[in-house]
Amino acid sequence: MTHTKFFKEEKKVTTTIPPVKDGLTGSVTIPGDKSISHRAILFASLADGDSKIYGFLKGEDCMSTITCMKQLGIEVKEEDDYILVKGKGLNGLEEPEKPLDVGNSGTTIRLLSGILAGQDFSSVLVGDESIAKRPMGRVTVPLKMMNTSIDGRQNAAYTPLHIRGGSLNSIHYLSPVASAQVKSAILLAGMFADGVTKVTEPHKSRDHTERMLQTFGAHVESNELSASIEGGQTLSSQTIYVPGDISSAAFILVAGAIVPGSNITLNNVGMNPTRTGIIDVLQTMGADLTIENERHLGSEPVADLTIRYSTLSSCTIDGDLIPRLIDEIPAIAVLATQANGTTIIKDAQELKVKESNRIDTVVSQLKKIGAAVEPTEDGMIITGKTPLHGGTLQSFHDHRIGMAMALCGLIASEPVSIKDSEAISVSYPDFFEQLTYLRADN
Ligand code: S3P
């Protein structure tokens, strides 16, 4: 018997998660890393020759990147167990006939803007309602400084973006935000610029771009807060193995930590130190977590993780830790409702400009089912341990809100229904199926 029910109405899906009776047990392989999958398609397109990408995440965001690259003249083929990208070199892209639609994907629009800045042709980038509200000035401002012509609503602060690139000059950009999307857009534009382009950030953001550009044969210099690249370097085709996404693993880790009787092994999880804030938080809160079989998949570290239910205590999450777990905060908020004491999340104002305003969406939905949580200007304060009751919650078309609310259903006294739960396909299409598989009561 399956406990996950789908009700379809005009493509909108409501998923109901009943409380778990006997724990979550078994092992799952986590889907490919979203950040790494995007970069593999983009960099393979700019490389000379055929690249193969194994473990690619076939979620909606990464499929948007493939669609855009196809419109730019790149042949991308889905083979049985890998994606084949027929790269055309640094200057092989073609002017698209229609606007490039990035869907819900901030990574696609921001990284692609950096690549398009280097192209001597005209292109238009559009996306969905959420993308229309997200700040683009953080990439268009530095790209304009490099001599790209970019237009868009409110002086190129919002989509649609119209980009015409060409001969770029290098810059040393002091980014006001710790953002891998901003850093990557500038480094990608830097590949087409004269001289050395450098980005310095207030805190270190994820470094997949620096690692993967090196894999494709470029020389990138990086230290704690800066990364730089010299223009004109060519990329050569590669075989890339994408590790499991620790941001997706976070939902299963939290489920195992809060559902009594659980014992779950997660295989092949990416353990890049710029992404492992969730591991630090689980350990600080007293979770029963084991890390085994640590190894490398190409330039990225991976491991197998085992999580078991345990008593948890609160912690404070702030500063340098925030960029290392920014996407995991919706899951961490649910974790904190089950930890004894007061968990404080601060310095996380970036939550406001994600797929939804995640301070508002997390707090409003958790309150509806009885959590003790209050919003702050740059985060939230959660007091536990609090029993949750059932109800109907919204995803706000934000994949990570949909999954975080599903976790509540596992431990609430009554079922939790999540409206517009189809949003989860952006990053974790098999999430509900994997949860069902792990239930001992299914
Ligand atoms: C990403 C960077 C982060 C993250 C996003 C993916 C990336 O965004 O939240 O989900 O792939 O570079 P910011 O660069 O806005 O911090």
Query - Residue exposure sequence - C62, C315 - by fewest surrounding Cβ within 10 Å - result: C315, C62
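By how many nm would the segment from T29 to Q154 grow when fully extended, if each residue of separation counts as 0.36 nm and the alpha-carbon distance is taken off?
40.7 nm is the gain from fully extending T29 to Q154.
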**Report entry** Per residue Cα convex hull volume in Å³ - calculated over region 305-442
**Finding:** 112
Requested in this report: Rounded to the nearest 500, what is the 222 nm mean residue ellipticity of the chain from helices alone, with -39500 (n - 2.57) per DSSP H run of 4+ residues and division by all residues?
Outcome: -9000 deg cm²/dmol
Requested in this report: Looking at the chain, send over the antiparallel percent of its DSSP beta bridges, to the nearest 5.
Outcome: 70
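Give, in nm to one decimal, the length gained when the segment between T234 and Y54 is fully stretched (0.36 nm per residue of separation minus the Cα-Cα distance).
Values: separation 180, 0.36 × 180 = 64.80 nm, distance 2.26 nm.
Contour length minus the Cα-Cα distance gives 62.5 nm.
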Report task. Rounded to the nearest 10 degrees, what's the angle between the helix 60-71 long axis and the longest principal axis of the chain, both from Cα atoms, 0 to 90? Result -> 20
Query raised in the report: So what J values fall out for region 103-112 if you push phi through Karplus, 6.51 cos²θ - 1.76 cosθ + 1.60 with θ = phi - 60°, rounded to Hz, Gly and Pro as x?
Result: x, 9, 9, x, 5, 4, 5, 6, 5, 5
Query raised in the report: Can you work out ³J(HN,Hα) from phi for every residue in region 390-396, in order, using Karplus 6.51 cos²θ - 1.76 cosθ + 1.60 and θ = phi - 60°, giving whole Hz and x for Gly and Pro?
Result: x, x, 10, 10, 10, 8, 6
Report summary line: Computed on Cα atoms only, the convex hull of the chain has an orientation-averaged projected area in nm² of 18.9
Report summary line: Inter-part gap, Cα centre of region 93-171 to Cα centre of region 384-413, in whole angstrom, is 35
Query - Long-range HN-HN contacts of S262 with modeled amide H, under 5 Å - result: L24, Y309
Report summary line: Scalar couplings 3J(HN,Hα) for region 141-148 by Karplus 6.51 cos²θ - 1.76 cosθ + 1.60 (θ = phi - 60°), nearest whole Hz, x for Gly and Pro, are 4, x, 5, 5, 4, 8, 5, 8
Report summary line: Expected unfolding gain across M145-A132 under the 0.36 nm per residue rule, minus the alpha-carbon gap, is 2.4 nm
Query raised in the report: What are the residues whose amide H is under 5 Å from the amide H of T316, where those residues sit 5 or more places off or on another chain and H is modelled from the backbone?
Result: I344
Query raised in the report: How far apart, in nm, are the 7 Å Cα→Cβ label points at R308 and E374?
Result: 3.8
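All of the numbers you see were taken from the coordinates with simple rules; none came from a lab. On a predicted model such as this, the values are computed, not experimentally measured, just so you know. When we count neighbours, we look across all protein chains shown, and the Cβ atoms used for this are built from the backbone with ideal geometry, even at glycine.
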